[in-house]
Amino acid sequence: MTNNWVDIKNANLILVQGGNPAEAHPVGFRWVIEAKKNGAKIIVVDPRFNRTASVADLHAPIRSGSDIAFLMGVIRYLLETNQIQHEYVKHYTNASFLVNEGYKFEDGLFSGFDEAKGKYDKSTWNYQFDENGHAKRDMTLQHPRCVINVLKEHVSRYTPEMVEKVTGVKQKTFLQICEEIGKTSAPNKTMTHLYALGFTEHTIGTQNIRSMAMIQLLLGNIGMPGGGINALRGHSNVQGTTDMGLLPTMLPGYMRLPNEKETSYEQYMNAITPKDIVPNQVNYYRNTSKFFVSMMKTFYGDKATKENGWGFDFLPKVDRIYDPITHVKMMHDGELNGWILQGFNVLNSLPNKNKTVAGMSKLKYLVVMDPLQTESSEFWKNFGESNNVNPAEIQTEVFRLPTTCFAEEDGSIANSGRWAQWHQKSCDQPGEALPDAEILSMLREEMHELYKKEGGRGIESFEAMTWNYAQPHSPSSVELAKELNGYALEDLYDANNNLIYKKGQLLNGFAHLRDDGTTTSGNWLYVGQWTEKGNQMANRDNSDPSGLGCTVGWSFAWPANRRVLYNRASLDINGNPWDKHRQLIKWNGKNWNWFDIADYGTQPPGSDAGPFIMSAEGVGRLFAVDKVNSGPVPEHYEPIESPIDTNPLHPSVVTDPTVRIYKEDREFIGSNKEYPFVATTYRLTEHFHSWTAQAALNIIAQPQQFVEIGEALAAEKGIQKGDMVKVTSRRGYIKAVAVVTKRLKALEIDGRTVHHVGIPIHWNMKVLNGKGNRGFSSNTLTPSWGESVTQTPEYKTFLVNIEKAEV
Ligand SMILES: Nc1nc2c(c(=O)[nH]1)N[C@H]1C(S)=C(S)[C@@H](COP(=O)(O)OP(=O)(O)OC[C@H]3O[C@@H](n4cnc5c(=O)[nH]c(N)nc54)[C@H](O)[C@@H]3O)O[C@H]1N2
Ligand SMILES: Nc1nc2c(c(=O)[nH]1)N[C@H]1C(S)=C(S)[C@@H](COP(=O)(O)OP(=O)(O)OC[C@H]3O[C@@H](n4cnc5c(=O)[nH]c(N)nc54)[C@H](O)[C@@H]3O)O[C@H]1N2
Ligand SMILES: [Mo]
C-alpha cells in the first residue's frame with residue numbers, strides 16, 4: 001500500500017476493483033465501513049456481486065480479464081472532460097516530458113517488437129534528451145510529443161462504446177462511475193483504490209496496476225491521505241517476504257541479484273543505480289551502493305572487502321527466470337532432482353495440477369517443511385478421481401520436517417500498510433515441530449560438515465557466510481531482527497565530525513548507511529526497526545494527533561516509520577496543502593516532518609525537486625520509460641483463452657505478445673468452441689486456502705465444494721441448484737455442487753453472450769466435504785502461462801465447459 005489500512009477512512013470515494021476485501025480482508029474492511037460512515041461512496045467493479053458489492057453504492061459486473069479497457073476508458077473520460085488535477089499533473093507527473101520520436105503504437109504493437117524473440121527492444125520507450133543527458137520538457141503541455149498528448153492519443157480509442165463492447169459494462173454504468181471518479185480530481189477530494197488478485201493474476205497484471213496508478217496520478221490522489229494505490233496483501237506476512245527478497249532472483253530491499261553477464265561489483269552497481277535525468281532531483285536510489293554494501297557486510301562480514309567487490313563473487317548469478325512454474329518445467333525436462341517446499345503447498349496453489357504432479361513424480365527427493373500434513377507431501381497417493389496416480393510408479397522420496405507456526409514463535413509480521421508489528425509466542429509447539437530458522441540452521445550445519453569432508457562447488461560462499469548467533473543451530477527472532485536493522489562497524493562521524501554512533505551500536509535510519517564497509521544492514525528498508533532505544537516494532541502508542549490515523553507511535557512502518565508514501569505530493573510546490581483538513585507534513589524551516597515522517601529530505605518550499613523521490617525524474621510516470629516488458633502505456637489484450645477470439649481494438653494482435661508460455665503448455669490452450677465459458681477462481685471468508693480443511697468449525701461453516709453459475713447459464717445447461725456438475729478445462733476436470741445465483745450475470749461482449757463460472761479455491765484432494773467425499777483442486781483447471789514481468793499465472797481468467805455430472 002502507498003497508504004495504510006487506517007488511512008482508508010479518510011477517502012471520499014473507495015474504488016474496489018480487482019479484490020474483494022469484505023471477504024478476503026474482513027478485519028481491515030472495517031476502515032471501508034468507517035469511510036462510509038464519514039460519507040464516502042463505495043464502487044465495486046467485479047465480475048461477481050460479492051460481499052464487498054453488497055455494501056457498495058454501485059456495482060459494475062465486468063468480464064474477467066478486461067479491466068484495462070475499462071481503465072483506459074476512464075482516462076479518456078478524465079482527459080476529455082478535463083477532470084484532472086492540473087497543477088499536480090503538470091509538476092508531479094511526467095506529463096510535460098517529450099517522448100522519443102521513434103516511439104509509436106500501431107495495430108496493437110508498440111515500436112521495437114521482435115517477432116522471433118517475442119520481445120520488445122525498449123530503446124524508443126524513452127524521453128528526448130538534451131546535450132546534458134537531461135530529459136526535455138514542455139511545461140505548457142502543448143508539444144505533440146508531450147507524454148500527456150501521446151497518452152491522449154493512445155486512449156482515444158477507448159470510447160464508452162468500446163468499453164462496453166470489450167468489458168460488458170453498460171455505458172450508463174460506466175459513465176456513472178467515471179463521474180464519481182472525476183469528482184476526486186478536486187484538490188480536496190480523494191479516491192482510494194483497493195486491489196488484490198483480481199488485478200494481478202492475469203497475463204496483463206502489471207499493466208492493470210499501472211493503469212490505476214496513472215488514474216490516481218491524473219487525479220492528484222497519490223501522496224494524499226485517503227488516496228493512493230493500495231495492494232491488499234495475502235498471507236499475513238507476505239508483505240514481509242517480498243520485502244526480504246524471497247523471490248528467487250531478488251535480494252532484500254527490492255534489489256535484484258546480479259545476472260551472468262555482470263562480472264564485477266562496479267558493472268552490477270552501475271546497472272542497478274539510476275542516473276539523474278532531470279537536474280536537482282532527490283533520486284533516492286542513487287544510494288543503492290550503500291544499501292547493497294551494508295547488506296553484503298551482514299551476509300559476509302570481514303570476508304566482504306573493498307578489494308573483492310564486497311564479496312560480489314559469493315552471490316549466485318541469475319542465468320534464467322526461476323519461478324515455480326519454471327521449476328515444474330525443469331522437473332519435466334529432467335533438470336531438477338530435488339525440491340524443498342517451505343510453507344508452500346504447490347498442489348493447492350500452482351496452476352495445472354496434473355502437470356505439477358507429473359513433474360514432481362520425476363523428482364528424486366522432496367522436502368516439505370510445514371506445520372501441517374499437506375496435499376503436496378502426499379502427491380504420490382491415489383485419491384481416486386481427484387489425484388489419479390499410481391504410487392508404485394513414483395520413486396520420489398519425501399521428507400517431512402514439521403515446523404512451528406507464527407503463534408508458537410516470537411517475531412514480526414509486516415502488514416499491507418508496511419507496518420512491522422512484533423508479536424509474542426503464545427504456546428509451545430506440539431511433537432517434533434521446530435522453528436523454520438532452526439531447521440534451516442541445522443541443515444546448514446550438516447552441509448558444512450559435508451563440505452568440510454568432500455569439498456565441492458560453492459564452498460567459498462558457504463564458508464564466507466557470517467553466522468554470529470548465540471546458539472548457531474537456533475538463531476533467535478531478536479538476533480535476526482537486530483541483524484536486519486544493522487549496526488555501526490566503526491565509530492561513525494557526520495559531515496561536521498560529530499560522533500553519531502559508537503562502534504557496535506544499532507543504526508537509527510537508512511540515511512546513515514555507508515558504502516565503505518563501516519555499516520551493516522540485512523535490509524535497508526527495515527533500518528530503524530530495532531534501535532538503541534529498543535524494539536520499535538513493539539511500540540503500542542496509538543494516539544493520533546492528526547486525526548487522520550497517522551499513529552507513528554504504533555509499530556514501525558518502513559521506510560523510516562513513514563505512514564503515507566510520497567506525502568510531499570499532498571502539498572503544492574510552495575508547500576501549501578491541497579486540502580488543509582488533510583495535512584500530514586509541513587515545512588518547519590529545516591525539514592517537512594510533522595504528523596508524518598516526510599520522504600522529501602530538506603529541500604525548502606519552491607524547490608525543483610519532485611515529490612516522487614524514488615524515480616530518477618522526481619515525478620510519477622504516466623509513460624513508463626523502459627520498465628515494463630509489455631508496453632510503456634497499458635493496452636487491452638485478450639486473455640490467452642478468450643471467449644471472443646478477437647480483440648475489438650486490433651483484430652490482428654489479440655493477446656499480449658510478451659506473455660510467457662512454455663512450448664509444451666501451448667497444447668493446453670483450450671478454444672472457446674470446446675470451452676465456451678469464462679472461469680474465475682476466488683476465496684471464501686470461511687476458509688483459508690486448504691489449511692482449514694480439517695478444522696471442524698470451518699467445515700461446518702462452508703462444508704462442501706461448489707461452483708457458482710448465473711441463472712441464464714443454468715437454464716441453458718439444464719442445471720438446478722444442488723446438482724453435481726463437472727467443470728472441464730483443457731487441463732482437466734473437477735466435480736462440485738452447483739450454486740445457481742443472481743450474483744453472476746451473463747454479459748454481452750462483442751455481440752456474444754458470455755457467461756462466467758465462479759470457482760472457490762479451498763478444496764483439494766485431502767479436504768473432506770460434508771458427506772465425507774474428497775474435494776478437487778480448482779487448480780486442476782487453471783493454466784500455467786504467465787505475465788511477462790512477474791510470471792504470475794492467469795488464475796483469474798480461463799475457459800471451461802460445465803455439464804451435469806453423472807452421479
Ligand atoms: N478468508 C480468507 N481470506 C484470505 C485468503 C483465504 O484463503 N481465505 N487468502 C489470502 C490471500 S493469500 C490473498 S492473495 C488475498 C486475496 O484477496 P482477493 O484478491 O481480494 O481475493 P480473491 O477472492 O482471490 O479475488 C478477488 C476478487 O477478484 C474478482 N475478479 C476475478 N477476476 C477479475 C477481473 O478480471 N477483474 C476484476 N476487477 N475482478 C476480478 C473475483 O470475482 C473476486 O471477487 O486474500 C487473503 N485473504
Ligand atoms: N486458482 C488459484 N490458485 C491460486 C490463487 C488463486 O486465487 N486461484 N491464489 C494464489 C495465491 S495469492 C497464493 S498466496 C498461493 C498460496 O499458495 P501457498 O503459499 O502454497 O499457500 P498455502 O496453501 O497457504 O500454503 C502455505 C503452507 O504454509 C504452511 N505454513 C504456515 N505457517 C508456516 C510456517 O511458519 N512455516 C512453514 N514452513 N510453513 C507454514 C501452511 O500449513 C501451508 O501448508 O496460491 C495461489 N494459487
Ligand atoms: Mo496470496
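The values are calculated or read from the model by the stated rules, or taken from the named source; none is laboratory data. This structure is a prediction, so every number in the text was calculated from the model and none was measured. Cβ coordinates were reconstructed from backbone atoms using ideal geometry, including for glycine residues, and neighbour counts include every protein chain displayed. Quick note on the areas: whole protein, heavy atoms, side chains included, nothing else; ligands and nucleic acids left out. Shrake-Rupley method; radii C 1.70, N 1.55, O 1.52, S 1.80 Å.
Please specify each residue of the range 523-536 satisfying the condition of being touching a Phe, Trp or Tyr at 6+ places or on another chain (Cβ under 8 Å), buried (at least 23 other Cβ atoms within 10 Å of the Cβ) and not β-branched (Val, Ile, Thr). Even if it seems obvious, please write down each step before you answer.
Step one: filter the range 523-536 for residues touching a Phe, Trp or Tyr at 6+ places or on another chain (Cβ under 8 Å), giving 524-529, 535-536.
After this cut, where a residue has to be buried (at least 23 other Cβ atoms within 10 Å of the Cβ) as well, the list is 524, 526-529.
Answer for the range 523-536, where residues must be touching a Phe, Trp or Tyr at 6+ places or on another chain (Cβ under 8 Å), buried (at least 23 other Cβ atoms within 10 Å of the Cβ) and not β-branched (Val, Ile, Thr): TRP524, TYR526, GLY528, GLN529.
Let's see how each residue does on (1) away from ligand 3 (no atom under 16 Å from the Cβ); (2) farther than 19 Å from LEU507 by Cβ; (3) modelled with pLDDT of 95 or more:
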| position | (1), (2), (3) |
| --- | --- |
| ASP243 | no, no, yes |
| PRO248 | yes, yes, no |
| GLU260 | yes, yes, yes |
| TYR265 | yes, yes, yes |
| ASN287 | yes, no, yes |
| LYS290 | yes, no, yes |
| MET295 | yes, no, yes |
| LYS303 | yes, yes, yes |
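Restricting to the range 293-314, give me the number of residues that are open to solvent by less than 10 Å² (accessible area, probe 1.4 Å) and under 22 Å from TYR469 (Cα atoms).
6
What are the residues in the range 133-153 that are touching a residue at least 40 places away in the same chain (Cβ under 8 Å), touching a Pro at 6+ places or on another chain (Cβ under 9 Å) and surrounded by fewer than 20 Cβ atoms within 10 Å (Cβ to Cβ), if any?
Across the range 133-153, the qualifying residue is only HIS134.
Quick test of your reading of the structure: GLU674 fulfils all but one of (1) more than 16 Å from ligand 3 (Cβ to nearest atom); (2) surrounded by fewer than 17 Cβ atoms within 10 Å (Cβ to Cβ); (3) under 28 Å from LEU372 (Cβ atoms). Name the failing condition by number.
All conditions pass for GLU674, except number (3).
Examine the range 485-508 for a residue that is of a type in the set (S, T, N, Q) and farther than 23 Å from SER294 by Cβ, and state whether such a residue exists.
Here is the first cut: in the range 485-508, the residues of a type in the set (S, T, N, Q) are 485, 496-498, 505, 508.
Remaining after also requiring farther than 23 Å from SER294 by Cβ: none.
Among the residues of the range 485-508, not one is of a type in the set (S, T, N, Q) and farther than 23 Å from SER294 by Cβ, which makes the answer no.
When you go through GLY722, GLY710, GLY758 one by one, which is the residue that is surrounded by fewer than 18 Cβ atoms within 10 Å (Cβ to Cβ) and touching a strand residue (DSSP E or B) at 6+ places or on another chain (Cβ under 7 Å)?
Details: GLY710 fails: surrounded by fewer than 18 Cβ atoms within 10 Å (Cβ to Cβ); GLY758 fails: surrounded by fewer than 18 Cβ atoms within 10 Å (Cβ to Cβ).
Exactly one residue qualifies, and that residue is GLY722.
I'm trying to understand the selection: among the residues of the range 76-100, which are over 21 Å from SER570 (Cα atoms) and out of contact with any Lys or Arg (no Cβ under 6 Å at 6 or more places or on another chain)?
Within the range 76-100, ARG76, TYR77, GLU80, THR81, ASN100 qualify.
Please return the ranges of helices (runs of 4 or more DSSP H) entirely within the range 1-109 where 2 or more residues are away from ligand 1 (no atom under 16 Å from the Cβ) and either open to solvent by 50 Å² or more (accessible area, probe 1.4 Å) or not aromatic (Phe, Trp, Tyr) (or both).
Numbers: elements: 21-24, 30-37, 67-80, 86-92.
Passing ranges, in order: 30-37, 67-80, 86-92.
Being surrounded by 15 or more Cβ atoms within 10 Å (Cβ to Cβ), farther than 18 Å from SER476 by Cα, away from ligand 3 (no atom under 16 Å from the Cβ) and not basic (Lys, Arg) is the filter here, so list the residues in the range 403-433 that pass it.
Matches in the range 403-433: GLY417, TRP419.
Give the number of residues within the range 159-202 that are of a type in the set (D, E, K, R) and either crowded, with 24+ Cβ neighbours inside 10 Å or within 26 Å of the chain's Cα centre (by Cα) (or both). Show your work before the answer.
Taking the range 159-202 and keeping what is of a type in the set (D, E, K, R), we get 161, 164-165, 170, 172, 179-180, 183, 189, 201.
Narrowing the set further to residues that are either crowded, with 24+ Cβ neighbours inside 10 Å or within 26 Å of the chain's Cα centre (by Cα) (or both) leaves 201.
Final tally of qualifying residues: 1.
All but one of (1) within 17 Å of ASN149 (Cβ to Cβ); (2) within 16 Å of ligand 3 (Cβ to nearest atom); (3) of a type in the set (A, V, I, L, M) hold for LEU79; state the number of the condition that does not hold.
Every listed condition holds for LEU79 apart from (2).
Do we find that ALA679 is out of contact with any Pro (no Cβ under 8 Å at 6 or more places or on another chain) and surrounded by fewer than 18 Cβ atoms within 10 Å (Cβ to Cβ) in this structure?
Working: out of contact with any Pro (no Cβ under 8 Å at 6 or more places or on another chain): yes; surrounded by fewer than 18 Cβ atoms within 10 Å (Cβ to Cβ): no.
So ALA679 does not fit the description; no.
Look at the range 258-271 and say how many of its residues are within 23 Å of the chain's Cα centre (by Cα) and either surrounded by fewer than 16 Cβ atoms within 10 Å (Cβ to Cβ) or within 27 Å of PHE556 (Cα to Cα) (or both).
Residues flagged as within 23 Å of the chain's Cα centre (by Cα) and either surrounded by fewer than 16 Cβ atoms within 10 Å (Cβ to Cβ) or within 27 Å of PHE556 (Cα to Cα) (or both) within the range 258-271 amount to 1.
Every residue in the range 348-364 that is at pLDDT 95 or above, over 19 Å from the mean Cα position of the chain (by Cα) and within 16 Å of ligand 1 (Cβ to nearest atom), please.
Going through the range 348-364, the residues at pLDDT 95 or above turn out to be 349-364.
The next check asks that each one be over 19 Å from the mean Cα position of the chain (by Cα); those that pass are 352-364.
The answer is none; no residue qualifies.
Kindly indicate which of GLY589, GLY610 is in a loop (DSSP other than H, G, I, E, B) and crowded, with 23+ Cβ neighbours inside 10 Å.
Numbers: GLY589 fails: crowded, with 23+ Cβ neighbours inside 10 Å.
Residue meeting the stated conditions: GLY610.
Name the pairs: first residue in the range 335-354 and farther than 18 Å from PRO402 by Cβ and hydroxyl-bearing (Ser, Thr, Tyr), second residue within 13 Å of ligand 2 (Cβ to nearest atom) and not in a strand (DSSP E or B), Cβ to Cβ under 8 Å, at least 6 apart or on different chains?
Close Cβ pairs (under 8 Å, with a partner that is within 13 Å of ligand 2 (Cβ to nearest atom) and not in a strand (DSSP E or B)) amount to SER349/HIS689; SER349/ASN779.
From the list TYR254, TYR284, TYR268, which one is over 22 Å from ALA560 (Cα atoms), outside the structural domain of THR93 (by the TED database) and not β-branched (Val, Ile, Thr)? Full working, then the answer.
Values: TYR254 fails: over 22 Å from ALA560 (Cα atoms); TYR284 fails: over 22 Å from ALA560 (Cα atoms).
Every option except TYR268 fails the conditions.
Residue check: is GLY205 in contact (Cβ under 8 Å) with a residue 24 or more places away in the chain, open to solvent by 40 Å² or more (accessible area, probe 1.4 Å) and within 16 Å of ligand 3 (Cβ to nearest atom)? Please lay out each step first, then the result.
Details: in contact (Cβ under 8 Å) with a residue 24 or more places away in the chain: yes; open to solvent by 40 Å² or more (accessible area, probe 1.4 Å): no; within 16 Å of ligand 3 (Cβ to nearest atom): yes.
When the stated conditions are applied, GLY205 does not pass them.
Yes/no matrix, rows are residues, columns are (1) of a type in the set (Val, Ile, Thr); (2) in the same structural domain as GLN171 (by the TED database); (3) within 16 Å of ligand 1 (Cβ to nearest atom):
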site: LEU684; (1), (2), (3): no, no, yes
site: THR692; (1), (2), (3): yes, no, yes
site: GLN702; (1), (2), (3): no, no, yes
site: PHE706; (1), (2), (3): no, no, yes
site: GLY710; (1), (2), (3): no, no, yes
site: ALA714; (1), (2), (3): no, no, no
site: GLY722; (1), (2), (3): no, no, no
site: LEU747; (1), (2), (3): no, no, yes
site: LEU781; (1), (2), (3): no, no, yes
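So MET465 passes all but one of these: (1) touching a strand residue (DSSP E or B) at 6+ places or on another chain (Cβ under 8 Å); (2) closer than 21 Å to PHE314 by Cα; (3) among the aliphatic types (A, V, I, L, M). Which condition number does it fail?
(1)
Return yes when SER555 is within 16 Å of LEU217 (Cα to Cα) and of a type in the set (Ser, Thr, Tyr) and no when it is not. Quick ask: steps written out before the conclusion?
Numbers: within 16 Å of LEU217 (Cα to Cα): no; of a type in the set (Ser, Thr, Tyr): yes.
So SER555 fails the test.
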